[in-house]
Amino acid sequence: MKKVNHTSKHPEFLLKTALNVSLVSVIAIAPFTVYDFYVIKNGMGFLGVIAILFCTFNAVLCFKGTYSLPLNLFATMPIMAGCSLAAINVWGVTASFWAYPAVLTCYFVLPLHLARLANIVYLAIILPFGWYNLSPDVFARFYAVLISISIFAYLTLKEIALQHAQLHRLSITDVLTGLNNRFLLSDYLENAIFINQCEKAPMSILMLDLDHFKKVNDQYGHDVGDEVLKGFAAIMKANSNSNDILFRLGGEEFLILLHSADENQAIQAAEEIRSHVQKSKLLPESELTVSIGVCELVCNKYRKDWLKQCYANLYLAKNRGRNKVVACCLLPVASAKHELDKIRATLVLSKRDLMLGDLCRLKFVQARGGLIAARGLQSSGLDNCSCVILLAHIHVRISKNRAKLVRPAHAPFLHPCR
């Protein structure tokens, strides 16, 4: 798994413009290179060949999706500028026109701050070449136009960069609360999994859902509902660390990614948020509460499994009466039968081992390499027995040679699936 980069150092705009500039440069330089080789034969053709080779190589890289800053900064731009300076030195005013595309090329193959610097250097170097090879009146017009084009290109590209940054912020930000929306959620979770695997740093997520929020909109109106969401987002920010990443998933659902936080620390953070929301005056006449599901990245190696488990814990908090924090690795009820079938494959069960209809008695059954303690375990599909499987009050931990079912102190009760 590779580490995810959430922001691109060189936007796709620069990749595409570098590709286009390289292709156009090859097409524009090639005829003059051939003409210099076979007609004039003054050595300028060699510079043309070098420029074509580097531009072609740059175009191939960009076509494959790779932007090389060193190649453009230390090869493409110096060669293009050198060709224009050499042409002015050889042909004078006839070749002065090549300076204009050289100025523009800086802004289309380099990041803006480097392009501005490269242009200042180029304008400073071309000054003595133009003064020496051009007449004073021609040089004054030539240099004035060259500076004007450089300034115009810089201001235009700067505005494009600002608009690009603003659009990027809008695309990843929830306008109402100012939190991240779910656009980059998958990337952030994948990155957290990557860091957890490489650095063994604990990672946890909180899934938060405002209780009975639909009634808030129905009773007080959507304007008040929007203010409640803003106030809840402010409480989340106030009770989060600088490394935590906050999301609004949609409606009244929120998520917090906690870096370097194990389950106990995540529970503490969730309890602080829950307590502050309950004590807050976000609603004028009634109490507002929040249900929170907590899940540490322990055995969930995939983003979807991690999210699914946290959703399950949130739903358990809702089912237990709301205004609660639930943190456990219990499976959702819907998948209990499927998971229990996989565990049964490692067991040697007989008919007398099955406690049919007894959902409260603690029953021990022998397993391969260990002991399984299961509370409320019923089985189906053996000897034509038609039973409902219930997996409750247990936390599944399977090691290499033994399987043990234990119940954490904070594990909630799972009702039988119908």
(message) Suppose we filter Phe13, Phe37, Phe63 for residues that are modelled with pLDDT of 90 or more and either touching a Pro at 6+ places or on another chain (Cβ under 6 Å) or of a type in the set (Phe, Trp, Tyr) (or both); which single one remains?
(response) Phe63
(message) For the range 169-197: of the residues being over 14 Å from Leu246 (Cα atoms) and touching a residue at least 12 places away in the same chain (Cβ under 8 Å), which is surrounded by the most Cβ atoms within 10 Å (Cβ to Cβ)?
(response) Asn191
(request) Inspect all residues belonging to the range 148-157 and state whether any of them is in contact with a helix residue (DSSP H, G or I) (Cβ under 6 Å, 6 or more places away or on another chain), over 16 Å from Phe13 (Cα atoms), outside the structural domain of Ala233 (by TED's automatic domain parsing) and assigned to a helix (DSSP H, G or I). (result) yes
(request) Filter the range 198-212 down to the residues that are crowded, with 24+ Cβ neighbours inside 10 Å and either basic (Lys, Arg) or over 13 Å from Asn243 (Cβ atoms) (or both), then identify the one that is farthest from the chain's Cα centre (by Cα). (result) Leu208
(request) Just give me the residues in the range 200-247 being closer than 25 Å to Cys328 by Cβ and not hydrophobic (A, V, I, L, M, F, W, C), in sequence order. (result) Lys200, Pro202, Ser204, Asp209, Asp211, His212, Asn239, Ser240, Asn241, Asn243, Asp244
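Give Ser150, Ser186 a once-over and let me know the one that is more than 18 Å from the chain's Cα centre (by Cα) and among the small types (Gly, Ala, Ser).
Ser150
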(request) State whether the residues of the range 86-96 include one that is among the aromatic types (Phe, Trp, Tyr) and within 27 Å of Gly48 (Cβ to Cβ). (result) yes
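Return a yes/no flag: does the range 228-246 have any residue that is in the same structural domain as Val325 (by TED's automatic domain parsing), within 22 Å of the chain's Cα centre (by Cα) and within 15 Å of Leu288 (Cα to Cα). Show your work before the answer.
First, the residues of the range 228-246 that are in the same structural domain as Val325 (by TED's automatic domain parsing): 228-246.
From what is left, the residues that are within 22 Å of the chain's Cα centre (by Cα) are 233, 236-237, 240-246.
Okay, now just the ones that are also within 15 Å of Leu288 (Cα to Cα), so 233, 236.
Yes: one or more hits.
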(request) Look at Leu53 and say whether it is modelled with pLDDT of 90 or more and in a helix (DSSP H, G or I). (result) yes
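The values are calculated or read from the model by the stated rules, or taken from the named source; none is laboratory data. Keep in mind it's a predicted model, so treat the numbers as computed, not measured. FYI the Cβ positions are ideal-geometry reconstructions off the backbone, even for glycines, and counts take in every protein chain you see.
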